[in-house]
Amino acid sequence: MDRKSAFDARAVLRVPIGARSIETDALRANASETRTESLSVVDVGPTGVAALDPCVAATLGDRTAFFADPDRASVEAVAESLTRDELPTDGATAVVEHDPGVTALPGAENVPFAVDRGRVVGACGWTRPTSVADYATRGPVLADGSGEELERAADAGLRGRGRGDIATNEPVGESWETAASTDGEPVVVVNANEADPRVSIDSLLLAADPLAVLDPAVAVADRVGAADVVVYCNEDDERVHRTAADAAARLEGVVDGDVPIDVVAGPDEYAAGEPTMALEALEGADRIEARRTPPGPSEYGLHGRPTVIHTPRTLAQLRALALEDAPVGDDDDPGTRLFEVGGDLGPSTVVEVPTDETLAAAVEPLGVDEAALACVGGVFGGLTETLDVSASARDLAAAGLGTNGAIELFGTDRCPVALAGRRAAFARETNCGRCVPCREGATQLTELLRSTYEREGAIDEARELARVMERSSLCGFGRDAARPTTTALETFEPEFVAHANGRCPAGECDGGNA
């Protein structure tokens with residue numbers, strides 16, 4: 001185990017893992033040859049800010065210069081300057097002042113540093129992903145504690161984050177109690193297999209700050225009496241798999257107790273991220289289908305064992321709440337929510353929003369143009385004209401929006417009718433096929449949305465079918481798949497009527513002629 005954290009050094013060069021084949025070992029060797037013992041060259045993960053990644057950060061005392069996607073020669077020159085105790089600023093994307101020894105990516109007033117990221121994702125791109133010393137500098141290791149911190153988070157009412165969580169938008173403590181009291185040997189599953197490219201937050205956390213996910217997972221395992229932890233990644237993300245496995249091995253080496261962590265890969269399919277279909281994939285099923293509930297996974301889960309399933313977002317939030325004396329956010333939904341802001345109006349950026357603040361306030365510092373249309377909640381998010389909605393699960397649901405961690409911003413040239421149609425087609429192509437409301441509903445909904453280009457009567461038919469899907473589908477996939485249509489019809493019905501009369505107000509559909 002590394003004994004010294006990267007935050008202790010006065011001069012630190014942070015280099016993203018795998019960026020442009022930059023050889024950090026050679027940089028360290030050069031620093032050693034020049035006898036610059038104060039220069040620490042460390043490998044870091046992504047920041048979650050597309051305008052920066054891959055980002056090299058040069059820190060000297062209380063100032064850091066950030067370089068977005070520099071070439072190898074530029075990084076070598078930056079390292080050379082640091083060995084002379086000089087902070088290079090020529091060619092820097094930004095130079096930020098901060099307190100010495102900060103443990104989170106420092107912020108500033110200019111974009112993209114103006115967004116609030118310090119609580120859960122602040123260490124991404126700043127800490128060494130698998131360093132227990134770096135992790136412990138930021139707070140105690142929960143798996144080595146008495147469990148009091150964990151109970152504090154549960155008592156505060158933490159709700160699950162992301163569609164892949166067993167307690168999505170519900171208090172996590174309830175699933176813990178069920179798993180702990182059910183006969184059988186419990187298991188904890190970290191569900192990081194999110195195949196929606198609009199929502200890379202779970203992969204970001206495992207790639208850049210995995211110990212903030214794995215440590216709480218082991219603590220939850222201790223809490224419910226689980227014998228092991230299984231980390232379920234996407235098969236296409238080898239970096240996440242490799243980093244999580246390395247971090248798991250290091251954590252197992254320092255934590256008292258015997259809770260092994262197994263990192264496995266699942267199919268790169270959207271449906272495979274739904275909790276019960278994730279279990280089917282983990283069990284090696286030839287055909288992955290949703291399971292009927294009840295009983296839910298906390299009673300009958302992986303191989304019939306009581307199973308707690310949390311996303312990396314939930315577990316990282318759990319750690320943050322466990323270390324706070326006074327939780328931030330809404331009393332009914334404490335903490336923050338992570339959103340990846342993307343779409344057409346700017347590069348994607350992960351932002352952190354206290355649940356008692358609005359999405360608009362979180363997006364404003366990014367400096368993007370005002371959106372004419374937004375989709376909140378991922379591929380099956382809700383379509384809206386306004387982001388003046390708080391980030392709590394209660395208020396997002398009341399507004400018909402999703403909570404799966406994405407905010408897509410679109411300009412006036414994007415058509416809500418076409419967008420709803422594409423999302424319905426995605427549901428038709430990717431559903432598991434087990435239940436009729438989802439399987440047949442998605443097919444019929446796609447056709448009805450096409451029919452709205454020809455007749456107004458199809459508008460009400462699509463609305464009613466979407467409601468049936470929401471009420472009757474077996475799992476969250478089918479219930480969520482209806483959301484783009486229901487919200488588009490509620491907010492943009494005049495656009496649907498215009499299409500039925502042969503006109504696309506946005507001009508996206510057939511050059512404006514439906």
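The values are calculated or read from the model by the stated rules, or taken from the named source; none is laboratory data. Please read these numbers as outputs of a predicted model, since none were measured by experiment. We place every Cβ from the backbone using ideal geometry, glycine too, and count neighbours over all the protein chains shown. Heavy atoms of the whole protein, side chains included, go into the accessibility calculation; ligands, DNA and RNA do not. Shrake-Rupley method; radii C 1.70, N 1.55, O 1.52, S 1.80 Å.
Key figures for this structure:
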quantity: Test: residue in segment 156-173 that is more than 29 Å from Tyr300 (Cα to Cα), part of a loop (DSSP other than H, G, I, E, B) and at pLDDT 90 or above; calculated: no
quantity: Residue within segment 200-216 that is buried (at least 19 other Cβ atoms within 10 Å of the Cβ) and in a strand (DSSP E or B) present; calculated: no
quantity: Enumeration of residues in segment 122-137 that are out of contact with any Leu (no Cβ under 9 Å at 6 or more places or on another chain) and either assigned to a loop (DSSP other than H, G, I, E, B) or of a type in the set (Lys, Arg) (or both); calculated: Arg128
quantity: Per-region count, segment 246-276, residues open to solvent by less than 40 Å² (accessible area, probe 1.4 Å) and under 19 Å from the mean Cα position of the chain (by Cα); calculated: 11
quantity: Test: Val351 is within 22 Å of Gly118 (Cα to Cα), open to solvent by 20 Å² or more (accessible area, probe 1.4 Å) and among the aliphatic types (A, V, I, L, M); calculated: no
quantity: Failed item in (1) over 27 Å from Gly273 (Cβ atoms); (2) open to solvent by less than 40 Å² (accessible area, probe 1.4 Å), with Ala374 passing the rest; calculated: (1)
quantity: Residues satisfying the stated conditions in segment 48-73, i.e. open to solvent by less than 10 Å² (accessible area, probe 1.4 Å) and either at positive phi or outside any strand (DSSP E or B) (or both); calculated: Leu52
quantity: Pairs with Cβ under 8 Å, 6+ apart, first in segment 251-276 and without any contact (Cβ under 8 Å) to a residue 60 or more places away in the chain, second assigned to a helix (DSSP H, G or I) and open to solvent by 70 Å² or more (accessible area, probe 1.4 Å); calculated: Pro260/Glu252; Ile261/Glu252
quantity: Qualifying positions in segment 457-514 - among the polar types (S, T, N, Q), surrounded by 23 or more Cβ atoms within 10 Å (Cβ to Cβ) and assigned to a helix (DSSP H, G or I); calculated: Thr485, Thr487
quantity: Restricting segment 389-400 to residues that are open to solvent by 10 Å² or more (accessible area, probe 1.4 Å) and outside any helix (DSSP H, G or I), the residue that is nearest to Tyr453 (Cα to Cα); calculated: Gly400
quantity: Checking Val220 against (1) in contact with a His (Cβ under 8 Å, 6 or more places away or on another chain); (2) in a helix (DSSP H, G or I); (3) over 18 Å from Ala320 (Cβ atoms); (4) not basic (Lys, Arg), the condition it does not meet; calculated: (3)
quantity: Failed item in (1) outside any helix (DSSP H, G or I); (2) among the aliphatic types (A, V, I, L, M); (3) closer than 21 Å to Ala123 by Cβ, with Ala290 passing the rest; calculated: (3)
quantity: One residue from Thr336, Thr311, Thr358 being farther than 18 Å from Glu149 by Cβ, touching a residue at least 12 places away in the same chain (Cβ under 8 Å) and surrounded by 22 or more Cβ atoms within 10 Å (Cβ to Cβ); calculated: Thr311
quantity: Residues of segment 409-435 classified as farther than 19 Å from Phe496 by Cα, touching a residue at least 12 places away in the same chain (Cβ under 8 Å) and either of a type outside the set (A, V, I, L, M) or surrounded by fewer than 20 Cβ atoms within 10 Å (Cβ to Cβ) (or both), total; calculated: 8
quantity: Filtered residues of segment 449-463 (kept if over 32 Å from the mean Cα position of the chain (by Cα) and over 18 Å from Gly502 (Cβ atoms)); calculated: Asp460, Glu461
quantity: Glu97 within 29 Å of the chain's Cα centre (by Cα), over 30 Å from Val254 (Cβ atoms), modelled with pLDDT of 70 or more and exposed (fewer than 15 other Cβ atoms within 10 Å of the Cβ); calculated: yes
quantity: Test: residue in segment 36-43 that is at pLDDT below 85 and not in a loop (DSSP other than H, G, I, E, B); calculated: no
quantity: Checklist (1) assigned to a loop (DSSP other than H, G, I, E, B); (2) without any contact (Cβ under 8 Å) to a residue 24 or more places away in the chain; (3) closer than 27 Å to Arg250 by Cβ applied to Gly107, failing item; calculated: (3)
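The rows are residues; the columns are (1) on the phi > 0 side of the Ramachandran plot; (2) modelled with pLDDT of 95 or more; (3) in contact with a Lys or Arg (Cβ under 8 Å, 6 or more places away or on another chain); (4) of a type in the set (Val, Ile, Thr).
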| site | (1), (2), (3), (4) |
| --- | --- |
| Ala207 | no, yes, yes, no |
| Pro216 | no, yes, yes, no |
| Val220 | no, yes, no, yes |
| Val231 | no, yes, no, yes |
| Glu235 | no, yes, no, no |
| Glu238 | no, no, no, no |
| Ala245 | no, yes, no, no |
| Glu252 | no, no, no, no |
| Asp262 | no, yes, no, no |
